[in-house]
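S.K.: Before I ask anything, here is the structure I am working with.
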Amino acid sequence: MAGRLQNRVAVITGASAGIGRACARALMREGANLVLTARRQDRLEQLAAEAKQLGLRALFVIGDAREEDTARRTVEQAVQSFGRIDILINNAGVGNYKNLVDSSANDYDEMMDSNMRSTFLFTRHAVPVMIKQHAGLVLMISSMAGVYGFAGEAAYCATKFAQVGFAQGLDKELRPHGIKV
């Protein structure tokens with residue numbers, strides 16, 4: 001399939017549903033090969049089959065994006081199979097919309113790990129590949145809650161503000177290497 005992203009490789013976290021799944025389909029329409037990761041194998045298999053029908057290659061890694069081993073395995077699979085990573089979409093995340101007094105430390109940890117730790121881990125492992133290529137694009141799927149605080153969502157907003165700050169700082173760090181964030 002010809003498109004603007006022909007011969008490009010995109011890694012997408014949280015690819016089995018929602019925004020991640022929509023990103024995968026949009027990138028397929030543009031001709032990108034995919035490396036997908038999420039916890040639901042059946043949905044990843046379906047996306048990989050869709051890519052194959054379009055004449056594209058897609059592989060997937062089953063795992064929890066909060067775990068460093070998942071990030072490491074995903075990047076290794078991308079490099080072994082395609083030799084490169086052009087796009088990283090940090091999409092994995094959760095929302096838990098509660099007032100502060102109704103939020104437990106476990107609620108906070110789950111959101112921070114899902115939303116920010118996963119972003120850090122996948123970016124940390126993908127960026128060295130992009131630095132060697134002198135090119136790449138790293139995207140974080142954040143939220144308006146990352147630029148504006150909402151009542152009843154303080155902990156969620158904190159995780160999304162963290163993503164935005166991470167992206168802004170990282171963009172300044174990586175632009176000299178030809179990488180946009």
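The values are calculated or read from the model by the stated rules, or taken from the named source; none is laboratory data. Computed from a predicted model, the values in this text were never measured in an experiment. Cβ: placed from backbone, ideal geometry, glycine included. Neighbour counts: every protein chain shown. The protein model used for the area step is the full one, side chains on, heavy atoms only, and it has no ligands, DNA or RNA in it. Shrake-Rupley method; radii C 1.70, N 1.55, O 1.52, S 1.80 Å.
S.K.: Please go through (1) touching a His at 6+ places or on another chain (Cβ under 9 Å); (2) in a strand (DSSP E or B) for Val35 and return the number of the only condition it doesn't satisfy.
M.R.: Tallying (1) touching a His at 6+ places or on another chain (Cβ under 9 Å); (2) in a strand (DSSP E or B), Val35 fails exactly one: (1).
S.K.: Within region 26-38, how many residues turn out to be open to solvent by 10 Å² or more (accessible area, probe 1.4 Å) and farther than 16 Å from Gln77 by Cβ?
M.R.: The total comes to 4.
S.K.: Here is a further query. Any residue that is assigned to a loop (DSSP other than H, G, I, E, B) and buried (at least 23 other Cβ atoms within 10 Å of the Cβ) - is there at least one of those in region 51-58?
M.R.: No, there is no match, as no residue in region 51-58 is assigned to a loop (DSSP other than H, G, I, E, B) and buried (at least 23 other Cβ atoms within 10 Å of the Cβ).
S.K.: Give region 152-181 a look and list any residue that's part of a helix (DSSP H, G or I), touching a residue at least 12 places away in the same chain (Cβ under 8 Å) and over 30 Å from Leu100 (Cα atoms), or say none.
M.R.: Across region 152-181, the qualifying residues are Leu174, His177.
S.K.: Here is a further query. As an exercise: evaluate Arg175 against (1) basic (Lys, Arg); (2) surrounded by 14 or more Cβ atoms within 10 Å (Cβ to Cβ); (3) within 23 Å of Ala10 (Cα to Cα) and give the number of the one condition it does not meet.
M.R.: Result: Arg175 passes all but (2).
S.K.: Anything in region 10-25 that is surrounded by fewer than 24 Cβ atoms within 10 Å (Cβ to Cβ) and within 24 Å of Gln133 (Cα to Cα)? List them, or say none.
M.R.: Hit for region 10-25 is Cys23, nothing else.
S.K.: Does region 80-96 contain at least one residue that is surrounded by 16 or more Cβ atoms within 10 Å (Cβ to Cβ), touching a Cys at 6+ places or on another chain (Cβ under 9 Å) and in a loop (DSSP other than H, G, I, E, B)?
M.R.: Yes, region 80-96 contains at least one residue that is surrounded by 16 or more Cβ atoms within 10 Å (Cβ to Cβ), touching a Cys at 6+ places or on another chain (Cβ under 9 Å) and in a loop (DSSP other than H, G, I, E, B).
Yes or no, residue by residue, for (1) farther than 21 Å from Gln168 by Cβ; (2) of a type outside the set (Phe, Trp, Tyr); (3) buried (at least 21 other Cβ atoms within 10 Å of the Cβ); (4) modelled with pLDDT of 95 or more:
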| site | (1), (2), (3), (4) |
| --- | --- |
| Phe60 | yes, no, yes, yes |
| Met116 | no, yes, yes, yes |
| Arg124 | no, yes, no, yes |
| Lys132 | yes, yes, no, yes |
| Gly136 | no, yes, yes, yes |
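S.K.: Among the residues of region 99-130, which ones are of a type outside the set (A, V, I, L, M) and over 15 Å from the mean Cα position of the chain (by Cα)?
M.R.: Matches in region 99-130: Asn99, Asp102, Ser103, Ser104, Asn106, Asp107, Tyr108, Asp109, Glu110, Pro128.
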